[in-house]
1. Would you mind finding the one in Asp262, Asp309 that is surrounded by fewer than 16 Cβ atoms within 10 Å (Cβ to Cβ), among the acidic types (Asp, Glu) and either out of contact with any strand residue (DSSP E or B) (no Cβ under 8 Å at 6 or more places or on another chain) or at pLDDT below 90 (or both)?
2. List every residue pair whose Cβ atoms lie under 7 Å apart, where the two residues are 6 or more positions apart in sequence or sit on different chains, the first residue falls within segment 64-90 and is closer than 13 Å to Leu261 by Cα, and the second residue, located anywhere, is modelled with pLDDT of 95 or more.
3. Just to be sure before I move on: is Glu279 acidic (Asp, Glu) and within 25 Å of Phe99 (Cα to Cα) in the structure I sent?
4. Spot the failing condition for Thr73; the list is (1) out of contact with any Leu (no Cβ under 9 Å at 6 or more places or on another chain); (2) modelled with pLDDT of 85 or more; (3) among the β-branched types (Val, Ile, Thr), and only one is missed.
5. Looking only at residues in segment 216-251 that are buried (at least 24 other Cβ atoms within 10 Å of the Cβ), in contact with an Asp or Glu (Cβ under 6 Å, 6 or more places away or on another chain) and not aliphatic (A, V, I, L, M), which one is modelled with the highest pLDDT?
6. Among the residues of segment 147-169, which ones are assigned to a helix (DSSP H, G or I) and open to solvent by less than 70 Å² (accessible area, probe 1.4 Å)?
7. Can you work out which of the residues in segment 137-157 that are of a type in the set (Gly, Ala, Ser) and over 18 Å from the mean Cα position of the chain (by Cα) is modelled with the lowest pLDDT?
8. Being surrounded by fewer than 21 Cβ atoms within 10 Å (Cβ to Cβ) and not polar (S, T, N, Q) is the filter here, so list the residues in segment 61-84 that pass it.
Amino acid sequence: MSDAWWLWGIFAVIVVAMLAVDLLVRGDTHRVSMKEAGLWSLLWVLVSLLFGAGIWAYLYTTQDLSVANNKATEFLTGYLIEKSLSVDNVFVWLTLFSFFGIPPELQRRVLIYGVLGAVVLRVIIILIGAWLVRNFEWILYVFGAFLVFTGGKMAWSANKQSNVEDNRLLRWLRGHLRITESLHGNRFTIRDQGKLWATPLLVVLIMVEVSDIIFAVDSIPAIFAITRDTFIVLTSNLFAILGLRAMYFLFAGLAERFSLLDYGLALVLAFIGIKLLIEPWVHIPIGWSLAVVAVVIAATMAISWYWTDQHATSS
């Protein structure tokens, strides 16, 4: 599919349209209710699923049913993995906004630039990853080992409180930038007595962008474990992150109800890593991979919700 230039064109038009709606129609300064966030999240998911259906229809028409089913399942699996890992990213953003005291109406402004930066960074990282996989196939084993290690690390650190004050990036920024004590509306920088100062809003934006790079290092190798098709890797990844702003405001009030989600994500990463490592000897069909990812994520979220309710009742 990577050779069909017009498919890339259609994808680019859809991405630009979605970004335009997010930036121009929805604005960046009003408070987002959970209902509004839920509706927008549903819309972005529907657009993504329709694109996946379009991939299936195109391949069914031009090739055959098995190819269409396989590619559509690859897209859906990659999308689900990235969307699930994005929830963890959302919780990191929530911690940053809380630490710096960023009000909801300014959070949208940060996330606009955050998502734009994420789109650009993901395209670059995915294209580099695709080049590496094409030219050094052995690197897939490195990806697999890294995913297993990351899954173990995520499970080990699950539910442990992170101290933003001790963050090395924050300490570096404080040592190299003049940062104001308080916010100055929606401005990222100000000039005071001829000197340029960064506001806490700029500091948060930088940390949001860096957090996305860190999560991309986890999620992108996971999708290459599902498919080597650059078109599927890129489209499933970008469709998953385009709805991140709406998903943030949807999950912001529900963070405590998904306290066990990291364990499910850790299991998914470990499973995908093992799948890569044993691929030369044991082939796991893409349909089975999709089923495992979906069941693990759904079960973890359900258990988290139930456990939170039981804990709240007992206390």
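The values are calculated or read from the model by the stated rules, or taken from the named source; none is laboratory data. These numbers come from a predicted model, not from an experiment. So basically every Cβ, Gly included, is an ideal-geometry build from the backbone, and we count neighbours across all protein chains shown. Just so you know, the surface numbers come from the protein's heavy atoms only, side chains and all, with ligands and any DNA or RNA stripped out. Shrake-Rupley method; radii C 1.70, N 1.55, O 1.52, S 1.80 Å.
1. The match here is Asp309.
2. none
3. Criteria not met by Glu279.
4. Result: Thr73 fails condition (1) only.
5. Among them, the one singled out is Asn237.
6. Answer for segment 147-169, where residues must be assigned to a helix (DSSP H, G or I) and open to solvent by less than 70 Å² (accessible area, probe 1.4 Å): Leu147, Val148, Thr150, Gly151, Gly152, Met154, Ala155, Ser157, Val164, Leu169.
7. Ser157
8. Answer for segment 61-84, where residues must be surrounded by fewer than 21 Cβ atoms within 10 Å (Cβ to Cβ) and not polar (S, T, N, Q): Asp64, Leu65, Val67, Ala68, Leu80.
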